[in-house]
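Have a look at the structure below, then the notes.
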Amino acid sequence: MPKNPKGDHPTKVALLECVAKLLENHQSDEISVDLVCKTSGIALGSLYHHFQDLPNLIDQALVFRFARYVDRSIDWLNQALTNSTSKQEFFEGLKRVTRGTQTKELEQVRRERAGAIYRTGSHAAFAEALGLEQQRLTDEIANVVSTAQKNGWVHPGLDPQGAAVLIQAYSLGRIVDDISPSPMDNDKWIEIIDRLAEKVFGLDE
């Protein structure tokens, strides 16, 4: 479950969790108010007390799902950093993160993230909310890179924010192969990312 720094009302969080779960097996236009109320057990009046309308609830649920992805990614990267005492250990930690984020099983996550980014082009409020979560992820990755630089594990001339965007770009970019009828070998893809990290981040000897 995503962290709840705003201290949202439990009923609001329950509705977000319900729709976030429904989005795993339904397109957004397949979700109705009746379905949400029936699945959550929450009254219609409570739904409209916390959300302007159903589209607003769905938008916030999409951001809620993305926040969950952000929290998981941040936790993985911080583990790679805090559990390392050397450059080699940090690199090994990054390789574990790569293997965790580049699996075929996360194809749906990549598709949803790409769809959410596309949605920002026509939904201003949604774009603002998603943008805040996206910035949080970029900032946290940049902090990991910056700390690794101070530890002497990453090339000191590397821009942390640029590195953060690059890491996300190749993670999300896997989607171009997800839709291919002849997808690449996953181990070969992982090997390319490992080599990229070694050269770009300066982790090679």
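The values are calculated or read from the model by the stated rules, or taken from the named source; none is laboratory data. Please read these numbers as outputs of a predicted model, since none were measured by experiment. FYI the Cβ positions are ideal-geometry reconstructions off the backbone, even for glycines, and counts take in every protein chain you see.
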*Output the residues belonging to segment 184-203 that are under 15 Å from GLU92 (Cβ atoms) and among the β-branched types (Val, Ile, Thr).*
ILE190, ILE193
*Does ASP185 fit the bill of being free of Cβ contacts under 8 Å to residues at least 40 places away in the same chain, in contact with a Pro (Cβ under 7 Å, 6 or more places away or on another chain), more than 21 Å from ASN78 (Cβ to Cβ) and not small (Gly, Ala, Ser)?*
no
_Any hit, segment 77-91, residues being in contact with a helix residue (DSSP H, G or I) (Cβ under 9 Å, 6 or more places away or on another chain) and farther than 24 Å from ALA163 by Cβ_ = no
*Out of all the residues in segment 134-177, which are outside any helix (DSSP H, G or I), of a type outside the set (A, V, I, L, M, F, W, C) and surrounded by fewer than 18 Cβ atoms within 10 Å (Cβ to Cβ)?*
ASN151, GLY152, HIS155, PRO156, GLY157, ASP159, GLY173
*When both residues are 6+ apart or on different chains and their Cβ atoms are under 8 Å apart, which pairs have a first residue that lies in segment 156-178 and is farther than 18 Å from VAL109 by Cβ, and a second that is of a type outside the set (Phe, Trp, Tyr) and assigned to a loop (DSSP other than H, G, I, E, B)?*
LEU158/GLY202; ALA163/VAL154
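One line per residue, one yes/no per condition, for (1) over 16 Å from the mean Cα position of the chain (by Cα); (2) within 22 Å of VAL63 (Cα to Cα):
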| residue | (1), (2) |
| --- | --- |
| GLN88 | yes, no |
| ARG96 | yes, no |
| ARG99 | no, no |
| GLU112 | no, yes |
| GLY131 | no, yes |
| THR138 | no, yes |
| TRP153 | yes, no |
*Identify, by number, the condition in (1) of a type outside the set (A, V, I, L, M); (2) at pLDDT below 95; (3) closer than 23 Å to LEU23 by Cα that ASN78 doesn't meet.*
(3)
*Applying the selection to segment 165-196, what residues are closer than 21 Å to LYS150 by Cβ and touching a Ser or Thr at 6+ places or on another chain (Cβ under 8 Å)?*
VAL165
*Just one of THR101, THR138 is polar (S, T, N, Q) and out of contact with any Ser or Thr (no Cβ under 7 Å at 6 or more places or on another chain); which is it?*
THR138
_Cβ pairs under 9 Å, 6+ apart, first in segment 36-57 and on the phi > 0 side of the Ramachandran plot, second crowded, with 17+ Cβ neighbours inside 10 Å and assigned to a helix (DSSP H, G or I)_ = GLY41/CYS18
*Options GLU89, GLU107; residue that is assigned to a helix (DSSP H, G or I) and more than 24 Å from GLU133 (Cα to Cα)*: GLU89
*Hey, among ARG96, ARG113, which residue is farther than 15 Å from PHE201 by Cα, surrounded by 13 or more Cβ atoms within 10 Å (Cβ to Cβ) and either touching a residue at least 24 places away in the same chain (Cβ under 8 Å) or touching a Lys or Arg at 6+ places or on another chain (Cβ under 6 Å) (or both)?*
ARG113
*With segment 1-83 as the region, which helices (runs of 4 or more DSSP H) entirely inside it contain at least 2 residues that are among the small types (Gly, Ala, Ser)?*
10-22, 44-50, 54-82
